[in-house]
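Starting off with a structure, shown below.
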Amino acid sequence: MGNVYGYMRVSTKEQNEIRQLLALQEMRVPEKNIYLDKQSGKDFRRPRYRQLLQKLKPEDILYIKSIDRLGRNYEEILEQWRVLTREKSVDIVVLDMPLLDTRRGRDLMGTFLSDVVLQVLSFVAENERKTIRQRQQEGIEAARLRGVRFGRPAKPLPENFGQAYDMWASKKINGEEAAKLCDITVSMFYRRARAVREKG
C-alpha cells in the first residue's frame, strides 16, 4: 500500500479552497500530503502540482475533488491522467465522480469505462470554459453597443486643442507641431483629431 495524496486548485488567490480541503480531510489525506495551486487550470505549469508529481510513487493514491481541479484543457487532462496512471502507476480517485476511481475495475472493462467517462468529463469541462469565455465576449460586445466604455477614462483635451486642431485642419501647421502646441504625443493628437472629425 502506497501513500495517500490530495491535490487542490483554485483559479485565483481570492477563491476559497475550503470545500476541497474538507473533502480531502474526509478521506484522511494527511495535511502534509495535500498540495494546493492558486492559479488557472488552463495548463499544467503549476509549481505545487510539479512538486506532487515528483513525490508520487507506484501504488500511491491521489484524491481530487473534481476533474476540473486537475485542469480545464481537454487534451492536457487526458495526457496527465495517462502520466499518472500508466507512467507513475498511481491510482486516482475523483471524489465527485465515483466512476473515476482507478482502484476499481482493473480489468479491461473497468479501464475502458474509466477512460470513456474521463474523456466525456474532460470534454464537458473544456466546453464549459469555452462557453463562459464566449458569454463574456458577448457581454462585452453588448455593453459596447450600449455605449459602455472599457479601460481607463480618456484624459480631458488640452484647453488649446481646438485652436491647434483648426490650425492643423487648415494646413497652417502639421500634426507634429499641433501635438507640441498641446503638449501631447503625435499619436494622441491624431487620435483625438479623428474623434473630433467623426463627431463633426
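Among the residues of the stretch 128-140, is there at least one that is more than 30 Å from GLU76 (Cα to Cα) and outside the structural domain of TYR74 (by TED's automatic domain parsing)?
No.
Mind listing whichever residues of the stretch 69-89 are closer than 18 Å to GLN51 by Cα, surrounded by fewer than 21 Cβ atoms within 10 Å (Cβ to Cβ) and touching a Ser or Thr at 6+ places or on another chain (Cβ under 8 Å)?
THR85
Checking the conditions here, which among MET8, MET27 is surrounded by fewer than 17 Cβ atoms within 10 Å (Cβ to Cβ), touching a residue at least 40 places away in the same chain (Cβ under 8 Å) and either aliphatic (A, V, I, L, M) or assigned by TED's automatic domain parsing to the domain that holds ASN73 (or both)?
The conditions single out MET27.
Go through (1) at pLDDT 80 or above; (2) more than 22 Å from VAL124 (Cα to Cα) one by one and return the number of the condition ARG82 breaks.
Going through (1) at pLDDT 80 or above; (2) more than 22 Å from VAL124 (Cα to Cα) one by one, ARG82 breaks only (2).
Can you say whether GLN136 is assigned to a helix (DSSP H, G or I), more than 26 Å from ARG28 (Cα to Cα) and modelled with pLDDT of 80 or more, as far as the supplied structure shows?
Criteria met by GLN136.
Of the numbered conditions (1) at pLDDT below 85; (2) more than 23 Å from THR131 (Cβ to Cβ); (3) β-branched (Val, Ile, Thr), ILE61 fails exactly one; give the number of that condition.
That leaves (1) as the condition not met.
The values are calculated or read from the model by the stated rules, or taken from the named source; none is laboratory data. Given the structure is predicted, the values throughout are model-derived calculations rather than measurements. Heads up, the Cβs are rebuilt from the backbone with ideal geometry, glycines too, and the neighbour counts pull from every protein chain shown.
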